[in-house]
Amino acid sequence: MQTYYSDLLVIGAGLAGERVAVEAAQEGFDVICLSIVPARRSHSSAAQGGMQAALGNCAKGEGDNVDVHFGDTVRGSDWGCDQEVARLFADAAPIEMRRLAHWGVPWNRVVPGKSFYFKGGEKFEKEEKEEKRGLITARSFGGTAKWRTCYTSDGTGHAVMCTMDNRCAELGINVFDRKEAISLIHDGDKCTGAVVRCLRTGELEVYLSKATSICTGGFGRIYKATTNAVICDGGGHIIAHDTGVVPIGNPEAIQFHPTGIVPTDILVTEGCRGDGGTLLDVNEERFMNIYEPEKAELASRDVVSRWMTHHMREGKGVKSAYGEHLWLDIRHLGDKHISTKLREVDEICHHFLGVDPRTQLIPVRPTQHYTMAGVRTNKDGAVYGLKGLFSAGEAACWDMHGFNRLGGNSLAETVVAGGIIGTKIVEFLKGYETDFKTAVVAEAVRKEQDRIEKLRSGANGKENVYKVREEMQDALMEGCFVFRNDAGLNKCIETLQGTLDKARKVGLVSDGLGANHELAAALKIEGQVKLGLCIAKAALERTESRGSHNREDYTARDDKNWLNRTLAYWREGADMPELQYEEATPGYEIPPGDRGYGGGSIIEADKAEIEAKMFKK
Amino acid sequence: MSRQLEFDIFRYNPQDKGSVPHMQTFVLDETENMTLFIALNRLREEQDPGLIFDFCCRAGICGACAMVVNGKPRLACQTKTVDLPERITLLPLPVYQLIGDLSVDTGSWFREMYQTTESWIHTNKTFDPNALEERMENEVAEQIYELERCIECGCCVAACGTARLRDDFLGAASLNRVARFVVDPRDQRTDRDYFEIIGNDEGIFGCMGLLGCEDVCPKSLPLQNQLGFLRRKMGITAIKEIFRK
Ligand SMILES: Cc1cc2nc3c(=O)[nH]c(=O)nc-3n(C[C@H](O)[C@H](O)[C@H](O)COP(=O)(O)OP(=O)(O)OC[C@H]3O[C@@H](n4cnc5c(N)ncnc54)[C@H](O)[C@@H]3O)c2cc1C
Ligand code: SF4
Ligand code: SF4
Ligand code: FES
């Protein structure tokens, strides 16, 4: 068996993983990065919108600063975030964007002079100043007070990912692709690496390290409808959770987006609705104006997703071979607008649907979009429960997003958190010595070999992994999607318990040799169902509506009882998660208030208690 | 509307000692808005879980799913079955090492290319966290981005006659990569430095200019222009080199 040693093992080579790796390599540490796909194919490269940092260079960003960005982030999180972390983030973001410019990102820059922009289908004028010429510019994004979203044309994630991966190549970091971590090597106390399946040969390999960092992105793929890449399947969360000592933070916090196209759930931009697009039902009638007379289609992401789901439940959805959906109508915007302002939407319709949005309707449905839930870390990125284990990016619950992520904040989080946590890992590595216990390593490998052997031989049973996966995805779509209520969640839990039982009885149909996909799916199915159960159980317990977590039977945000974070543990041999709670934030710079979008009432927290926890500046 | 589609798919698993390369036929009912992403996943989930192929973003932005579809290298995820005849032949990309069935190792190929072309900004400036960013004209930024749009799918290399004949040929994607740094004012390399990398038959002088590459690039990169641009630039550098000696 191949064994590799390094100071730092980074599992995941998206933006977060590579940023962490760069920080440690710059300090002279030996780093290995693993990824299921070549690093540049990581999901980070799919982000087109941009990343937030309060540079305040462009006209509509004037007066922006890190305090305003901090405030937007806290409000966006619906007061579920750790304010210390949000502060670290907002303060470091501008520096990190400039650093990226230094490394090679071709940010769009300020062009002095007058120009037009659109808002809600209306045309406005702005003027950029000569003195700002050539500095990094920004565009507008939902939920922010100022234009703060740095971008490179329509490919921000792609461009930043290229630059980061180039930086890794320059530093000589070993980035190994087609390697999938399938378990952590640990003794219940500290982590010393991972057991990895090579996706070229199917062989198992051992990676030993002083520090390990999980940067595996989100787990949208446990839902049937998701905007996420097919590799965003929770592998990193599962191996951490499986240790029994690492909790998943806020599993109930999952973000949904109103307009994924059917069947493949590729995202079409909010801009469609922003510019005047409408949503239609099976009778080709508008409905958002009935539910939200004022804002209609322009209500926030979660609100629109909710009404769409509601409307489909009322029997107004369009039936298709891929399940029910609704229509997005942008025909009335006209050829000129569609071929210039919504070019990307036009291309998606053409490439994936064969639809001309000038004359035809676009099939859409709400989809899972972002995982605020994640491997719980402290503000240094150190994972609860295991020494030497860290996590960053979408995989982590570092918790600057709380219960709702602000658009543009997650891509920025990958590099900002990657930098900060990378520095903390360097501090950890300096002077740290560890010993690799051969018995622990051998046992970890044996366990995986045994698991694979049983799946291949069908010793556990003959359940089909793809059918089990479908059952899990359906249960989550049904009971744990944009709407949650007591009856639905209970039913979802009941179904998933049955699914868990089946997941434990999966047997392969194929031989499982080489780069076999069925085996990869089978190795993680039990962990995925467990993640699903964590979401459902945490959502059932949380009897309030906060951010993306929306209870039909508890519509108020309840700061009196629920200003906290869920920690879901899965103890060895258990059949259900164990939930614990901790305070959302160690203190407040901004006391809980109105989040400024989506409406809803608030049950207020005890004023004196909050007052006592205000940060003294 | 439903057609019955017939897929002829290349099968070979190098990790299975009993496996021999062959074509296998699958039959599938076409559904509305079906793409090869949907079709292949259905084949794997319903008919043969041993089928090996790659998808990642399934949205035409990551480059994972390139394969030869009815004779032409293209992205499977953005290929709709309605645009194809009832008989669909799928082969893995040539040039790259085969992993199994339709999956090839583009990752190793491109990593090697980063090292050969030294695919990063070469500068002696250090980053100052307290200073403003260095200014750049927006036009220049957009020009760089135009060349950085490559998703490393490998289609251009697979379609290139020279690359198929000689495995040391850098290929259009690599030459385009060099061009990206040539136009970037932050990179302090000189034409002579670039000449060291691409001024030979493995590089720009090996290209026969037949442009199979640009025709198949799913991102419509201006490969033809870039190859011409570099050939002129390197030609001039070559002449200067001769006179230096
Ligand atoms: C369609 C879409 C558009 C978006 N647009 C924006 C936007 O405009 N702005 C914004 O701020 N955010 C956006 N987001 C969110 C943002 O893109 C992600 O949150 C962010 O890129 C996550 O980066 P990451 O580095 O944490 O993970 P990823 O980029 O997802 O990388 C994960 C890495 O882990 C690897 N990996 C996974 N499992 C394993 C395993 N078991 N073993 C080894 N390796 C593994 C993968 O191969 C990959 O390299 C968007 C998301 C989507 C879905
Ligand atoms: S133009 Fe050059 S790089 Fe492109 S296909 Fe022809 S030989 Fe290959
Ligand atoms: S240049 Fe075009 S065809 Fe070639 S690898 Fe890049 S995106 Fe693919
Ligand atoms: S799967 Fe990403 S381009 Fe096709």
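The table below lists the values:
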| read-out | value |
| --- | --- |
| Debye intensity ratio I(q)/I(0), log10, region B:122-171, q values 0.30, 0.33 Å⁻¹ (C-alpha model) | -1.09, -1.13 |
| Chain B, helix-only ellipticity at 222 nm - DSSP H runs n ≥ 4, -39,500 (n - 2.57), divided by all residues, nearest 500 | -10000 deg cm²/dmol |
| Debye-sum result for region A:4-60 in log10 I(q)/I(0), which assumes one identical scatterer on each alpha carbon, at q = 0.17, 0.24, 0.26, 0.28 Å⁻¹ | -0.66, -0.93, -1.01, -1.08 |
| Residue among A:G56, A:N404, A:V345 farthest towards the positive dipole end of chain A, charges placed on Cβ | A:V345 |
| Those lysines that a straight Cα-Cα span of less than 29 Å connects to A:K505, excepting residues fewer than 8 apart in one chain | A:K179, A:K224, A:K447, A:K454, A:K462, A:K467, A:K491, A:K524, A:K530, A:K537, B:K17 |
| Inter-chain shielding of B:127-137 (mean C-beta neighbours from other protein chains, 10 Å cut-off) | 6 |
| C-alpha center-to-center spacing [region A:535-570, region B:1-51] in angstrom | 44 Å |
| Inter-part distance where region A:452-472 and region A:182-214 are each reduced to a Cα centre, Å | 23 Å |
| Using a Förster distance of 22 Å, the FRET efficiency for A:E541-A:K613 (Cβ separation, nearest 0.05) | 0.40 |
| Semi-axis lengths (Å, descending) of the ellipsoid that matches the C-alpha gyration tensor of region A:228-291 | 36, 14, 11 |
| Average silhouette area of region A:472-617, convex hull of alpha-carbon atoms, in square nanometres | 12.1 nm² |
| Calculated [θ] (222 nm, deg cm²/dmol) that DSSP helices of n ≥ 4 give over chain A, each run adding -39,500 (n - 2.57) | -10500 deg cm²/dmol |
| Long-range tail of P(r) for region B:201-245 (Cα pairs > 11 Å, %) | 69 percent |
| Dimensionless Rg/Rh of region A:514-563 - Kirkwood Rh, Rg from C-alpha atoms | 1.28 |
| Two-decimal ratio, region A:143-293, of alpha-carbon radius of gyration to 2.2 N^0.38 Å | 1.41 |
| As computed over region A:436-532, the Cα convex hull volume per residue (Å³) | 125 Å³ |
| Principal axes of region A:543-617: Cα extent on each, largest first, Å | 46, 32, 18 |
| Neighbour-count order for A:E611, B:E32, fewest beta carbons within 10 angstrom listed first | A:E611, B:E32 |
| Average partner coverage of A:34-44, which counts Cβ from other chains inside 10 Å | 5 |
| Share of alpha-carbon pairs per 10 Å distance bin for region B:19-117, given as whole % | 14, 47, 30, 7, 1 |
| A:V111 versus A:E131: modelled label distance in nm, points set 7 Å from Cα along the beta carbon direction | 2.3 nm |
| Percent of Cα pairs exceeding the 20 Å cut-off, where the set is region A:1-142 | 62 percent |
| Prolate/oblate/rounded label for region A:363-481 (Cα gyration tensor, a/c 1.5) | oblate |
| Cut-off 17 Å (backbone N to label point 7 Å along Cα→Cβ of A:R446), residues of region A:502-525 | none |
| Histogram of C-alpha separations across region A:304-410, 5 Å bin width, % | 2, 10, 14, 13, 12, 13, 11, 9, 8, 5, 2, 0 |
| Top positive-direction residue, dipole computed over region A:211-289 with Cβ charges, set A:A229, A:I248, A:M288 | A:I248 |
| Projected-area mean, chain B, by convex hull of Cα positions, square nanometres | 17.5 nm² |
| For chain A: relative contact order, % (alpha-carbon pairs under 8 angstrom, 6 or more apart) | 19 percent |
| Given charges at beta-carbon only (K, R positive; D, E negative), |dipole| of region A:212-322 in Debye | 180 debye |
| Label-point separation in nm, A:E494 to B:V140, each point 7 Å along Cα→Cβ | 6.7 nm |
| Likely footprinting exposure, B:S2, A:S140, A:S115, A:S305, fewest C-beta neighbours within 10 Å first | B:S2, A:S115, A:S140, A:S305 |
| Cα Rg, Dmax, region A:428-479, angstrom units | 18.9, 51 |
| Karplus-derived HN-Hα couplings along region A:157-165 (A = 6.51, B = -1.76, C = 1.60, θ = phi - 60°), whole Hz, x at Gly and Pro | x, 4, 5, 5, 4, 4, 5, 5, 5 |
| Kirkwood hydrodynamic radius over Cα pairs of region A:186-266, then Stokes diffusion coefficient at 4 °C and 1.567 mPa s, in µm²/s | 86 µm²/s |
| Region B:94-245 - percent relative contact order, Cα under 8 Å, separation 6 or more | 26 percent |
| P(r) weight above 47 Å for the protein assembly as shown, C-alpha pairs, percent | 18 percent |
| Cα Rg, Dmax, region A:284-355, angstrom units | 13.9, 36 |
| Shielding of A:224-232 by partner chains, average beta-carbon count, 10 Å | 3 |
| ³J(HN,Hα), Karplus 6.51/-1.76/1.60, whole Hz, each residue of region A:560-571, x for Gly, Pro | 5, 10, 10, 7, 8, 10, 7, 10, 9, 9, 10, 6 |
| Debye, to nearest 20: dipole size of chain A, +1 on Lys, Arg Cβ, -1 on Asp, Glu Cβ | 760 debye |
| Student exercise, region A:287-416 dipole from Lys, Arg, Asp, Glu Cβ charges, in Debye to nearest 20 | 180 debye |
| Peptides ranked, highest mean first, by Cβ atoms within 10 Å: ranges A:18-24, A:600-606 | A:18-24, A:600-606 |
| FRET efficiency for A:T555 and A:K295, using Cβ-Cβ distance with R0 set to 25 Å, rounded to 0.05 | 0.90 |
| FRET efficiency, 1/(1 + (r/R0)^6) with R0 45 Å, evaluated for A:H337 and B:Q47 via beta carbons | 0.55 |
| Rounded if a/c under 1.5, otherwise prolate or oblate - region A:319-374, Cα gyration tensor axes | oblate |
| Region A:494-564: relative contact order as a whole-number percent, Cα under 8 Å and 6+ apart | 23 percent |
| Extent along principal axes [Cα atoms of region B:90-226; Å; largest to smallest] | 53, 29, 24 |
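None of the figures in this text is laboratory data; all of them are computed from the coordinates on show. All values derive from a computational prediction rather than experimental measurement. Reconstructed Cβ throughout: ideal geometry from the backbone, glycine too, with neighbour counts over all protein chains shown.
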